[in-house]
Amino acid sequence: MAGLKRRVPLHSLRYFISMAGLFSKPGLLPWLADVVTPLWRLSYEEQLKPVINGYRNKSTFSVNRGPDGNPKTVGFYLGTWRDGNMVCVQSNHLKNIPEKHSQVAQYYEVFLRQSPLEPCLVFHEGGYWRELTVRTNSQGHTMAIITFHPQNLSQEELHVQKEIVKEFFIRGPGAACDLTSLYFQESTMTRCSHQQSPYQLLFGEPYIFEELLSLKIRISPDAFFQINTAGAEMLYRTVGELTGVNSDTILLDICCGTGVIGLSLSQHTSRVLGIELVEQAVEDARWTAAFNGITNSEFHTGRAEKILPGLLKSKEDGQSIVAVVNPARAGLHYKVIQAIRNFRAIHTLVFVSCKLHGESTRNVIELCCPPDPAKKLLGEPFVLQQVVPVDLFPHTPHCELVLLFTR
């Protein structure tokens, strides 16, 4: 079931039962019910109807040859370059893609087919128009991001193309998409960050916002945010329960994205320390903290393996630290594992994995193996205590796994 936990940690139930007597005042009872039984306002029949269709809040569409051979087709790939059977197929029949995302993709295809410029299918073969990313929120606001290979165009020629695509989506056929914002990025690489090549706002609002766990969250075009908003809320509640933080705890949020995990737990902790590679995401986290009146958080931009060792050394004051890691598919850098293993104040680690096999499996082995001086893993090993799957990806075999380690 989308976004629903499949196992409730026993220690959390005991905690809430023991605390129930403290919240006997009528005004606090709904709050307690929201924490212990968050679906209590819905009938059981409604609880069994989670959102499983059109749940993605972000979709990235490729541009390439379609089944009919047209190189200006917008959709998703089938096949591989290696086998020579790559084809781009429109997505409007997929259950997990919102209608709004497919609509924007279809109009982008209309735009490409009337443009005199060719698409960029392979970098060394030339071409200009590349992929499209669409982001939406629960209020229906829509951000579109077009990537464009500038090749040898002058600034004046680039300006003309930006004005043409802007006009198409403001007053042309693309106006039917009712975009909240349109971004343009000049990219000469497969993926390009804002630092490498800034996102240029052609029109509209610079950000979209989301409501999650009683927080108003700002999301920039470059920032990571879980693609299933309702599922993300259940995921973050699960993480919060497993951390077991209290007012004496420092929460260390590694690969924190827009900072939602740490900020949602900030009122229960002494301090929140976040580390994130993407600069725009860190700016979003700082904005979210300020807007929501959270004053006990700090966020650092950069690679975790470079920032974490020094940050931990500055916090060696005997205070307990709970670490949360939510890395990309590539897992954690070896030096991050070293820093976590060798810092004795970290007794609890919650690891969120979207792909446990591969590099994340290596991370788990390094966290739990006996001390190994040759690999500079000197600290006491962690023990895997609990694994909770959370289904963020209906209609697919994937799920997020939340792993609790202690030592």
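Ala175 meets each of the listed conditions (1) free of Cβ contacts under 8 Å to residues at least 60 places away in the same chain; (2) in contact with a strand residue (DSSP E or B) (Cβ under 9 Å, 6 or more places away or on another chain); (3) hydrophobic (A, V, I, L, M, F, W, C); (4) over 25 Å from Cys256 (Cα atoms) apart from (2).
Looking only at region 97-152, how many residues end up being of a type in the set (Lys, Arg) and touching a Lys or Arg at 6+ places or on another chain (Cβ under 9 Å)? Total meeting the criteria: 2. The C-beta contact set for region 322-342 (first residue without any contact (Cβ under 8 Å) to a residue 60 or more places away in the chain and β-branched (Val, Ile, Thr), second residue assigned to a helix (DSSP H, G or I) and open to solvent by 10 Å² or more (accessible area, probe 1.4 Å), distance under 8 angstrom, 6+ apart or interchain) comprises Ile337/Glu366. I'd like to check something: does region 147-160 contain any residue that is among the small types (Gly, Ala, Ser) and either within 24 Å of Asn228 (Cα to Cα) or surrounded by 14 or more Cβ atoms within 10 Å (Cβ to Cβ) (or both)? No, every residue in region 147-160 fails to be among the small types (Gly, Ala, Ser) and either within 24 Å of Asn228 (Cα to Cα) or surrounded by 14 or more Cβ atoms within 10 Å (Cβ to Cβ) (or both).
Against the list (1) in contact with a helix residue (DSSP H, G or I) (Cβ under 9 Å, 6 or more places away or on another chain); (2) loosely packed, with under 15 Cβ neighbours inside 10 Å, the condition Phe111 fails is (2). Highlighted here are the strands (runs of 3 or more DSSP E) found entirely within region 161-248 that include at least 2 residues which are over 15 Å from the mean Cα position of the chain (by Cα) and surrounded by fewer than 17 Cβ atoms within 10 Å (Cβ to Cβ): 200-204. Scanning region 286-303 for residues that are out of contact with any helix residue (DSSP H, G or I) (no Cβ under 7 Å at 6 or more places or on another chain) and either free of Cβ contacts under 8 Å to residues at least 12 places away in the same chain or open to solvent by less than 40 Å² (accessible area, probe 1.4 Å) (or both) yields Ala290, Gly293, Thr295, Gly302.
Among the conditions (1) buried (at least 16 other Cβ atoms within 10 Å of the Cβ); (2) touching a strand residue (DSSP E or B) at 6+ places or on another chain (Cβ under 7 Å); (3) closer than 23 Å to Gly54 by Cα; (4) touching a residue at least 40 places away in the same chain (Cβ under 8 Å), Ser138 misses just one, which is (1). Against the numbered list (1) touching a residue at least 60 places away in the same chain (Cβ under 8 Å); (2) open to solvent by 20 Å² or more (accessible area, probe 1.4 Å), Gly310 comes up short only at (1).
Per-residue answers, yes or no, for (1) surrounded by fewer than 16 Cβ atoms within 10 Å (Cβ to Cβ); (2) modelled with pLDDT under 90; (3) touching a Gly at 6+ places or on another chain (Cβ under 9 Å):
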site: Glu305; (1), (2), (3): no, yes, no
site: Gly318; (1), (2), (3): yes, yes, no
site: Ile321; (1), (2), (3): no, no, no
site: Val324; (1), (2), (3): no, no, yes
site: Arg341; (1), (2), (3): no, no, yes
site: Arg344; (1), (2), (3): yes, yes, yes
site: Phe351; (1), (2), (3): no, no, no
site: Ser360; (1), (2), (3): no, yes, yes
site: Ile365; (1), (2), (3): yes, no, no
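In region 59-108, how many are among the charged types (D, E, K, R) and farther than 28 Å from Leu392 by Cβ?
We begin by selecting, within region 59-108, every residue among the charged types (D, E, K, R); these are 65, 68, 72, 82-83, 95, 99-100.
Add one more test, that the residue is farther than 28 Å from Leu392 by Cβ, and what stays is 65, 68, 72, 82-83.
Summing the residues that are among the charged types (D, E, K, R) and farther than 28 Å from Leu392 by Cβ in region 59-108 gives 5.
For region 370-402, the set of residues classified as over 27 Å from Tyr236 (Cα atoms) and touching a Leu at 6+ places or on another chain (Cβ under 6 Å) consists of Pro371 only.
The values are calculated or read from the model by the stated rules, or taken from the named source; none is laboratory data. Quick caveat, the model's predicted, so the values are computed rather than measured. Note that each Cβ is placed from the backbone with ideal geometry, even for glycine, and that neighbours are counted across all protein chains shown. Ligands, DNA and RNA are stripped out before the accessible areas are found, and what is left, the full protein with its side chains, is counted by its heavy atoms. Shrake-Rupley method; radii C 1.70, N 1.55, O 1.52, S 1.80 Å.
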